[in-house]
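Q: Take a look at the following structure, please.
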Amino acid sequence: MGTSLTYGAVQFTIKETARIQKDIQALFLDISFPILSKQDLLDRYTDFLNNHPNIKLAVIDHISSPTAVLMPVKELIELCRSRGIMVAVDGAHAVGQVPLNLDELDVDFYAGSLHKWLFTARGCGFLYISPRHQSALHPVVTSWGYNSGNMHAEFHQEGTRDQTPYFTVPEAIRFFKSLGGLESIRNYCMPLIDKAAELVVNRWGTEKLAIPSDMEAPYMRCVRVPFIEGYHGQQGGDARFHTEIFYHSKIQISSTTLDGSDIWCRFSASVFNKPEDYEELAAGGMKVIRGELANDVVMMKSHTFSQSKVC
């Protein structure tokens, strides 16, 4: 099972697995907003599991990508384990945002990206497999570690895959520590994203996603975009909003549609961001909202990417 907040590509993977394996069914818990508390979300999971007692594997986001919800993963893992359900956590946005101890989490599977918040090269991440499952799992690509009895050997050399990004990890960790480590980075980014969200909400006359403060991702916020004719309720309207801001303001954000028509803007704070970036985001967004920018499809130019800012 996944949820409506599960990353799109992961949802597709769950569905494709069910398509190939005819005896498997893909189920998704619809998580609507507002979320009142962690217990509210746990109760929804409990009800869903009660109604679907044959679930064998739950895919849970540590931090949801499009909506920036920090899930109560430890409690959810315990809930699933009490029912004999294995758990795979999608931790793409967690490493570098939240403290992470896989031994204490005692999860079955955990996949994390290192290029998002730990500053490695792109395409660098890890897959944790609990010792209780290591002998049963094998990579999709069968290669030189086949039948070695060594899980690491099986996963290490999959054809001619480029291993270069992994060599950036030690230097990335050194850089992370040189900034003061997780505590110092959080002390910079968390107040910055709080002020940025307040600024954007006030400028756009809108609201943040309705979730408790202890379920907000440390460095990410999601803000509703006011109604824009030709964007809301239109297929690809959220992508158009993102594209207009990126092309005209050179600011990279993420956008998604919830409840069928509402467009939401998700932006972040990292060590390279400063308050002025969010002034530009708020101003760029207002130009789109007021219809001051051309709505035509634009061709992205390389210099636009090189000079863009990520929020």
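Q: Can you find even one residue in the stretch 131-150 that is touching a His at 6+ places or on another chain (Cβ under 8 Å), open to solvent by less than 70 Å² (accessible area, probe 1.4 Å) and within 26 Å of Leu57 (Cα to Cα)?
A: no
Q: Mind checking which helices (runs of 4 or more DSSP H) fall wholly inside the stretch 204-311 and carry at least 2 residues that are at pLDDT 90 or above?
A: Details: elements: 237-249, 275-289, 302-306.
Result: 237-249, 275-289.
Q: Taking only pairs six or more apart or across chains, which ones have beta-carbon atoms under 6 Å, a first residue in the stretch 165-179 that is open to solvent by 90 Å² or more (accessible area, probe 1.4 Å), and a second residue that is part of a loop (DSSP other than H, G, I, E, B) and modelled with pLDDT under 95?
A: Matching pairs, first to second residue: none at all.
Q: Restricting to the stretch 75-92, and then to whatever is over 30 Å from Ile253 (Cβ atoms) and touching a helix residue (DSSP H, G or I) at 6+ places or on another chain (Cβ under 7 Å), can you tell me which residue is surrounded by the most Cβ atoms within 10 Å (Cβ to Cβ)?
A: Ranking the qualifying residues of the stretch 75-92, first place goes to Val87.
Q: Is it true that some residue in the stretch 159-181 is under 29 Å from His242 (Cβ atoms) and either touching a strand residue (DSSP E or B) at 6+ places or on another chain (Cβ under 6 Å) or aliphatic (A, V, I, L, M) (or both)?
A: Looking for residues that are under 29 Å from His242 (Cβ atoms) and either touching a strand residue (DSSP E or B) at 6+ places or on another chain (Cβ under 6 Å) or aliphatic (A, V, I, L, M) (or both), one finds at least one in the stretch 159-181, hence yes.
Q: Then there's this: So Asn50 clears everything in (1) surrounded by 14 or more Cβ atoms within 10 Å (Cβ to Cβ); (2) without any contact (Cβ under 8 Å) to a residue 24 or more places away in the chain except one condition, right? Which one?
A: In the conditions (1) surrounded by 14 or more Cβ atoms within 10 Å (Cβ to Cβ); (2) without any contact (Cβ under 8 Å) to a residue 24 or more places away in the chain, Asn50 misses (1) alone.
Q: Taking the residues in the stretch 207-258 that are within 23 Å of His93 (Cβ to Cβ) and of a type in the set (Ser, Thr, Tyr) as candidates, determine which candidate is least open to solvent (accessible area, probe 1.4 Å).
A: Ranking the qualifying residues of the stretch 207-258, first place goes to Tyr219.
Q: Also, I was wondering about something else. Look through Ile31, Ile24 and report the one residue that is open to solvent by 70 Å² or more (accessible area, probe 1.4 Å), β-branched (Val, Ile, Thr) and without any contact (Cβ under 8 Å) to a residue 60 or more places away in the chain.
A: The match here is Ile24.
The values are calculated or read from the model by the stated rules, or taken from the named source; none is laboratory data. This one's a predicted model, so the numbers in the text were calculated from it and none came from an experiment. FYI the Cβ positions are ideal-geometry reconstructions off the backbone, even for glycines, and counts take in every protein chain you see. Protein only, heavy atoms only, side chains kept; ligands, DNA and RNA dropped before computing areas. Shrake-Rupley method; radii C 1.70, N 1.55, O 1.52, S 1.80 Å.
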